[in-house]
Each structure stands twice: as structure tokens, then as C-alpha cells.
Amino acid sequence: MEVITARNLVKEYHGLRAVNDISFSVHRQECFGILGPNGAGKTSTVRMMFGFSPITAGALHVLGWDVTLDAREIKARLGIVPQENNLDLDLKVLQNLLVYASFFNIPEPQARERALELLDFFGLSDKHDAKVDHLSGGMKRRLTIARALINNPEIIILDEPTTGLDPQARHTVWQRLRQLRSRGVTIILTTHYLEEAAQLCDRLIIMDHGDILDEGTPGLLVERHVGAEVLEVGQGAVAADNLLKQFQNQIRGHLVVGDNLVLYPLNGRELLSRLQDLPQQFDHYLLRPSTLEDVFLKLTGRGLTE
Ligand SMILES: Nc1ncnc2c1ncn2[C@@H]1O[C@H](COP(=O)(O)OP(=O)(O)O)[C@@H](O)[C@H]1O
Ligand SMILES: [Mg+2]
């Protein structure tokens, strides 16, 4: 069951193409990731989903509604966590939720009950009377997510939910998002953190320069592009031609990253021991499990945060 479908979706700003003819769909109750570096087109894509930004071409449907025609219906059913927290700093924590609830015409007693529940869920109960300004970055982020849930949305869209948070605050957000998913909320998130995508997402698209480079589960993407293991040969780039010729039957691909040679071995341990038996020795050898970072490097030739 598809809750969001994008067909040949395009976003242009004065001729600059930020989203270049992309198609994808989000399934009910999954956590769907849009992974890509700065400028990839992630924010542009999600802003079109919640009707903050008109589409330039193509088609985009949310819960069966057309974003160009039915923005009101869509907004009522979505939870939105924008890239920048936009909490009302003049209001206290609980008041932020209550004011937001009033935009959805939720009756006051019901809004209060829901708000208190959400504060509890996000570990903010003891802060209900605190000024938003006095909260830590992680707390502000949790409050923004709580606020997005006040209308009990079927889908929550989070734009870079943990950017700028310290690792502990990040893990707390991840835990809550996992719990939400297990309660049946469909989650869409953008991120440039590979670990976040790997930890949370059932499926994801990898974007760069407005294009979708590939889509799949984290495991499938790793398997498709690099295989289970990576063998890094420190300072191996100078000998790349030789090594590649010699071991061409034992690798499925390679990449030169600066001075290092990165090999995608068919059998990591065997290749490692063959390399260590060579008369020529290298700076270091590192055999490790592959990650989405390797996939991104393979697809674009550069890291995600460069
Ligand atoms: N409001 C805007 N006006 C003009 N250009 C924009 C606007 N918003 C984004 N862009 C450009 O569109 C491209 C994609 O940006 P964005 O969607 O914010 O990417 P991401 O969220 O992946 O960093 C970038 O080149 C960015 O500079
Ligand atoms: Mg962005």
C-alpha cells in the first residue's frame, strides 16, 4: 500500500533544477529515507510533499490526494518536522503544543490530554512549564517532533531530524522514532548521516544533485554496489594498476580514495592474506564490513559530508 507516490517530479528555482525528474513511492508504516549530501534536493522534495513549495512538473500524491489540489487535506494528515526548529520561543513547552493543536481545531481538553501524553513519550513532562529558550538542543528537537504528532498524523515527515545534535541526543531521537514506527506511523526522513539511514530506514533513496542514484533497503544497496566487505589498502593507490591486474578475479570492484586503494573482495580474508604475502608491503590493511558510506562513495566518488 503506497501512501506517497512521486512520478517524474521536478522542482526548479528560477531555472535551477533542484529536483530532477524523480519517481519513488513510500509504503504504509515503513520508515523511508532520503539520503544525500547538502544540496542534493532533500528539503525541496519534502517541502513539496507537505505543500510548502509548489511542484514544477510531474505528479505528487500523498494519501491519494494531489499536492497541487488538496494541500489542506494533506496538511491535516501529516506531521511536519522542518529542518530548523520553529518553536515559539515566547511560549512555554506545553503552550507550544496547545497553540499548535488549535491550528487543527482540536478541542482544548483533548489537546491538553494529547499534549501531556506526547510530553511524557518524549521525556519532557517535567519541562512542561519551562521556557522553550531554556531547553537543550535535543529537547527542542524532541518538542518539535512531539508538536508534529499533536494531530495524530498517519505520516510524519522529518527533515534532518538529528542534524546538530550530540550523539546521545541523537540516539534518544532514534529510539522514539523506532517506537513511533512500531505504533504504525509512517516515517519519512531526510538525512546526510549514513548511520541514521542504516539504523532507522526500511528503505531509502540516495539523492545527489537532484537525481536518485539508487533505491532499496540498506542491506540490499550495500550488497548491490560493494558487497559485504571492504578491504582498505593504506597508501595502496600508487600500486593500484598492479594490484588490480593481479587480483582481478578476487575482487568485484575497487575505488581509489586519495592515497588509499579500496577493494571490494569476493572473499575478504583470503584476499587479505594474499596481499600480506606480497613482497611489497603497504601502510596498513583494514578489512571491515561495508556500510552505506561505501555505497555513496562508489556511486559518487566522494563522501557524504565533503
Ligand atoms: N528557495 C530556494 N531558492 C533557490 N534555490 C534553492 C532554494 N531552496 C533550495 N535551493 C537550491 O536547490 C538545491 C537543493 O537544495 P535543497 O533541497 O535544500 O537540498 P538539501 O536539503 O538536500 O540540502 C540547492 O542547490 C539549493 O541551493
Ligand atoms: Mg535540506
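Just so you know, all these numbers are worked out from the coordinates, no wet-lab data involved. The model shown is predicted, which means the values in this text are computed figures rather than measured ones. FYI the Cβ positions are ideal-geometry reconstructions off the backbone, even for glycines, and counts take in every protein chain you see.
What net charge do the residues around ASP90 carry, taking every other residue with its C-beta under 13 Å from that of ASP90, with Lys and Arg at +1 and Asp and Glu at -1? Spell out each step's value before the answer.
On the way: positive: LYS92, LYS131; negative: ASP88, ASP133.
Charge balance in the 13 Å sphere: 0.
Think of it as helices only: each DSSP H run of n ≥ 4 in the chain is worth -39500 (n - 2.57), and spread over all residues that comes to -10500 deg cm²/dmol at 222 nm.
Principal-axis analysis of the Cα atoms of the chain puts helix 167-182 at an angle of about 70° to the longest axis.
Taking neighbour Cβ counts within 10 Å as the exposure measure, how do LYS92, LYS131 sort from fewest upward?
Final ranking by Cβ density, sparse to dense: LYS131, LYS92.
You can think of it this way: the chain between GLU270 and ASP88 has 59.6 nm of extra reach, that is 0.36 nm per residue less the Cα-Cα gap.
Can you tell me what share of the DSSP beta bridges in region 2-222 is antiparallel? A percent to the nearest 5 is fine. Here the antiparallel bridges make up roughly 55 percent for region 2-222.
How would you classify region 73-204 from its alpha-carbon gyration tensor, with a ≥ b ≥ c the square roots of the eigenvalues: rounded for a/c under 1.5, else prolate if a/b is greater than b/c, otherwise oblate?
Values: a/c = 1.83, a/b = 1.29, b/c = 1.42.
In terms of gyration-tensor shape, oblate.
Using unit Cβ charges (K, R positive; D, E negative) and no other charged atoms, how large, in debye to the nearest 20, is the dipole of region 130-177 about its Cα centre? Using Cβ point charges on Lys, Arg, Asp and Glu, region 130-177 gives about 180 debye. In plain terms, the residue of VAL238, VAL26 with the fewest other Cβ atoms within 10 Å comes first and the most crowded comes last, giving VAL238, VAL26. Just tell me which lysines come within less than 24 Å, Cα to Cα, of LYS140; anything on the same chain fewer than 8 places away is out. Cα-Cα hits under 24 Å: LYS42, LYS75, LYS92, LYS127, LYS131. For region 228-289, just say rounded, prolate or oblate: build the C-alpha gyration tensor, square-root its eigenvalues into a ≥ b ≥ c, call rounded for a/c under 1.5, and beyond that prolate if a/b exceeds b/c, oblate if not. Verdict is rounded for region 228-289. Among LEU272, LEU143, the order by Cβ neighbours within 10 angstrom, fewest to most, reads LEU272, LEU143.
Amide H to amide H, with H built 1.01 Å from N, ILE80 comes under 5 Å of ILE157, counting only residues 5 or more places away or on other chains. Where the centroid of each part is defined by its Cα atoms, how far is region 147-179 from region 1-66 in Å? A separation of 20 Å, based on Cα centres. Based on C-alpha pairs under 8 angstrom that are at least 6 apart in sequence, the chain has a relative contact order of 19 percent.
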